[in-house]
Every structure is written in structure tokens, then in C-alpha cells.
Amino acid sequence: MATTTTDTPQTQVSSLSQEGCYIALTSSPLNIQSVMDRVRSPQAGAIVLFAGTTRDSFDNEPVKELQYTAYAPLALRTMQDIAAALRAKHGLKGIAMVHRLGVVPVGEESILIAVSAPHRQAAWRAGEEALEECKARVEVWKREEFEGGEGVWRANRDGAKGERVG
């Protein structure tokens with residue numbers, strides 16, 4: 001397994017890769033093409049991509065931005081475990097999961113998950129399962145910043161309520 005950490009004043013990227021699996025946490029905007037290219041294979045008849053994008057509202061409140069934080073060493077290992085298990089379970093040719101940390105403005109992606117498989121059914125199932133497992137298990141937390149300065153920390157799960165912080 002290869003582990004890479006890149007730090008520059010503008011960017012921090014931590015990644016893990018092993019056969020058919022690529023995992024990363026980054027402070028940079030996510031690149032859809034680059035993530036898809038990580039799973040491309042001549043044996044794959046399907047690539048499924050999920051892009052989780054910051055929306056402009058939550059529970060009828062206008063969202064200014066999201067802020068993500070993680071315990072990176074553990075989050076990377078958890079993501080790697082998920083990827084390896086799904087690759088074996090669904091016969092994937094490749095799986096890539098990249099999560100953005102720091103500020104993610106409205107309209108930008110916070111997570112990209114790409115999977116490739118010989119057939120579309122396995123790719124569809126694996127892509128959705130990867131997202132649900134990430135939301136349930138990966139050590140990433142988000143803060144929703146609302147217009148007007150209020151913020152809420154939430155578990156990185158759909159609909160999980162957070163507590164307001166000023």
C-alpha cells in the first residue's frame with residue numbers, strides 16, 4: 001500500500017493506494033476527470049461516479065458554505081477498508097474515494113466516489129454502497145455555515161441534526 005502526503009501553502013493531500021483502490025483527503029477543489037481516470041480499465045464496461053455537492057440550503061435555511069474536518073490517519077484507513085471490501089464484494093476493477101476538507105463553497109463538490117466494473121449493475125450497487133458506508137463510518141465531520149453567521153456541526157450523515165454554535 002502506498003501512502004502519500006503532499007503539503008504546500010495552498011494544498012494538503014493525503015492519500016492511500018493499493019491494487020484497484022485509491023483514497024484521498026484534500027484541501028483542494030475536486031477534479032472529476034482525475035478521479036474517473038483512477039478507475040478506468042479496459043476490462044470495465046461501466047464507470048459510475050457520485051459527486052456530492054454543497055447545496056444552497058438545508059432545512060429551509062440558506063447555506064453559505066460547508067467546512068469539513070477529519071482525523072485524517074483514521075479516516076484514510078476507514079475509507080481504504082471500505083474500498084477494499086467493496087472491490088472484492090462487487091468484483092470491481094477500480095474504486096476511488098476522494099473527500100475534500102476545509103471550506104467547500106456552494107456548488108462545489110465535497111466528495112467524489114468513482115467505481116468501475118465489468119457490468120453496470122455491480123458499478124451502480126457498489127457506488128451507492130460506498131457512499132452510504134462513507135457517511136456511516138468515515139471520521140469526517142462537517143459544519144454548515146448559514147447566511148447570517150450561524151453554524152451547525154453535524155455528523156457527516158444525511159439529516160443528522162447538529163447543535164448550533166455561534
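Values quoted throughout were computed directly from the atomic coordinates according to the rules given, and no laboratory measurement underlies them. As the structure is a computational prediction, the values presented were derived from the model and not from experiment. For neighbour counting, all protein chains shown are included, and Cβ atoms are generated from backbone atoms with ideal geometry for every residue, glycine included.
For this structure, a couple of remarks:
- Here the extension length gained between Ala136 and Ala88 equals 15.3 nm, from 0.36 nm per residue of separation less the Cα-Cα distance.
- Taking the Cα centre of the chain as origin and assigning +1 to Lys and Arg Cβ atoms and -1 to Asp and Glu Cβ atoms, the resulting dipole is close to 620 debye.
- Evaluating 6.51 cos²θ - 1.76 cosθ + 1.60 at θ = phi - 60° for every residue in segment 81-88, the Karplus couplings come out as 4, 4, 4, 5, 5, 5, 4, 5 Hz, glycine and proline recorded as x.
- Scattering profile of segment 52-108 at q = 0.12, 0.19, 0.22 Å⁻¹ [log10 I(q)/I(0), Debye over alpha-carbon scatterers]: -0.43, -0.79, -0.87
- Counting charges near Leu86 (Lys, Arg +1; Asp, Glu -1) among other residues having Cβ under 11 Å from its Cβ returns a value of -2.
- Summarising the overall dimensions of the chain from its C-alpha atoms, the Rg and Dmax are 16.0, 52 angstrom.
- Distance in nm between pseudo-label sites at Gln33 and Phe50 (7 Å out along the Cβ direction from Cα): 2.5 nm
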